[in-house]
Every structure is written in C-alpha cells, then in structure tokens.
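Report on one structure; see the data block that follows.
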Amino acid sequence: MTSRFDCQDAVDREAGLEAARTVLAEKQCIVLPTDTVYGIGADAFSPQAVATLLAAKGRGRSMPPPVLIPRPETLDGLAATVPDGARALAERFWPGALTLILQAQPSLTWDLGETRGTVALRMPDDDVALELLRHTGPLAVSSANRSGQPAATNADDAEDQLGEAVAVYLSDGARPRDGDALPSTIVDFTSRTPRVVRQGAIALEVLREEVPALLGEGESAEPSESPDSAETAAPETEQS
C-alpha cells in the first residue's frame, strides 16, 4: 500500500519521515524531494532494496544509482581515498548539486550495480532530504521517474510514473524551488586527471576555481597525463 505525506505541514512531515524510515528499514522504496529534482530512494546497504529501486525505474545494473549522504564527513567512511581536489569541491559546494565519483571502500557490504569499485556521492541541499538522511544514513537515490522519461519535479509527477512501486511519497512542492531543473554536475576523481562527466547546475569555470586542472565534459587529458587503468561506474544520464 502506498502512502503520501505533505511535508509542508509540520505534523504530516514528521509522520512522513517516520513512515519513510520504517519502509526503508523494510527494504522498500520511497520518493523524496532533493534540491535538484525528486528522487526514488532505498537503503544503500541492501542489495534487495537497490534491486527494487532499479526495477521500479525499469533500469538495469549497468547504471548504478548515486548515494546521498547527510554530511561531508561521510565521504571518508564510504570512499577508499578522497583526493584533495574532491575534498575542496565538497567543502565549497556541499550541500548542493555536485556529485563526486570516488573509489569505494572495498570493505563495504553493498551492491549498487556494476560500479567497478567506485561510488557516486552527493550531499543534497534540501531540508527534508537531509533530515531523513541524518536518521537513515546513506541512501541510494536516483531520479524519480521511469527510465527514459522526464525527471519528476513534484510528487504528482513521481507518483504518476512510479505508482505502487514506491511505498511512501514525501511531497514538498516543486523542485527545484528556483530556476530550471538542472541535474547535479558529476565529477570523476577515479583517474589521474579529474574530469566532469556530466555538466549540470555547477559550471565548469566555477569548479576550476578550486581544481584548476579539472577537465570539462568530453575534454581529453594530455598524453603524459593518461588516466589510470581503473574503470569507472557509468554515471547517471538522468537527473539526480
């Protein structure tokens, strides 16, 4: 059975957050607002829950979902190493529309799909999302839509596409609150030279204020700076 809660009402918000925590613990999916678009979320450490998320979207394991985290310090628990450039971007742009691809801690007992040992991490700039994350810990979160369809910018759009595949819908008005519905910018730090693999809400020239050597989407490294041999998880092509 699907439940929906209006997070613009204080009482309903508290009830919705409690219901979301309950169904997440039961390996079910929720829909939640983020600062970019609405997302479908599941327990990142439950292979069953992540598989349910991917099935709800009609997506395969070759497109693993990113993981939303409640605070920058969580980086060090989920990533094997955090390069100085990645830390500088997180300190400046988190919470916000920036996703960092890093090498995952090999000891983590999770299965997000075909990640090739990497993980995409983001701290969203959204009060509802952050309050939930502080109670649940990291969540696998992808845009709340069927694969190939427009990302949901409100709970109605999400429910129209995902229906009863989601146990709890948290509604909090339109997302984003201002401007166009741009996805997060994704920066890959798993190669020798970091690069933008999806241009989104944060412009390249702004990112280069912190990481001058950062390559833009589609740009190539100099031959002497060829990337390491490690493969990277396929980043999301939909909004998140």
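The values are calculated or read from the model by the stated rules, or taken from the named source; none is laboratory data. Remember, predicted model here, so these are calculated numbers, not experimental data. When we count neighbours, we look across all protein chains shown, and the Cβ atoms used for this are built from the backbone with ideal geometry, even at glycine. Just so you know, the surface numbers come from the protein's heavy atoms only, side chains and all, with ligands and any DNA or RNA stripped out. Shrake-Rupley method; radii C 1.70, N 1.55, O 1.52, S 1.80 Å.
Name the residue, out of Arg116, Arg87, Arg122, Arg21, that is of a type in the set (Lys, Arg) and farther than 16 Å from Phe189 by Cα.
Working: Arg116 fails: farther than 16 Å from Phe189 by Cα; Arg87 fails: farther than 16 Å from Phe189 by Cα; Arg122 fails: farther than 16 Å from Phe189 by Cα.
When all the criteria are applied, what remains is Arg21.
Going through Ser171, Ser191 one at a time, which residue ends up being open to solvent by less than 50 Å² (accessible area, probe 1.4 Å) and within 18 Å of Val31 (Cα to Cα)? Give the steps one after another, and end with the answer.
Numbers: Ser191 fails: within 18 Å of Val31 (Cα to Cα).
Among Ser171, Ser191, only Ser171 is open to solvent by less than 50 Å² (accessible area, probe 1.4 Å) and within 18 Å of Val31 (Cα to Cα).
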Listed by first then second residue, the pairs whose first member lies in segment 27-41 and is under 15 Å from Asp6 (Cα atoms), whose partner is among the acidic types (Asp, Glu) and outside any loop (DSSP other than H, G, I, E, B), with beta carbons under 8 Å and at least 6 positions apart or on separate chains, are Val31/Glu159; Tyr38/Asp157
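From Leu24, Leu78, grab the single residue that is of a type outside the set (D, E, K, R), over 21 Å from Ala152 (Cα atoms) and touching a Leu at 6+ places or on another chain (Cβ under 9 Å).
Values: Leu24 fails: over 21 Å from Ala152 (Cα atoms).
Result: Leu78 is the single residue among Leu24, Leu78 that is of a type outside the set (D, E, K, R), over 21 Å from Ala152 (Cα atoms) and touching a Leu at 6+ places or on another chain (Cβ under 9 Å).
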Within segment 34-93, residues being farther than 17 Å from Pro106 by Cα and of a type in the set (S, T, N, Q) number 5
ask   = Going by the structure shown, is Thr237 under 23 Å from the mean Cα position of the chain (by Cα), at pLDDT below 90 and open to solvent by 70 Å² or more (accessible area, probe 1.4 Å)?
value = yes
When every residue in segment 1-16 that is in contact (Cβ under 8 Å) with a residue 40 or more places away in the chain and farther than 18 Å from His135 by Cβ is compared, the one farthest from the chain's Cα centre (by Cα) is Met1
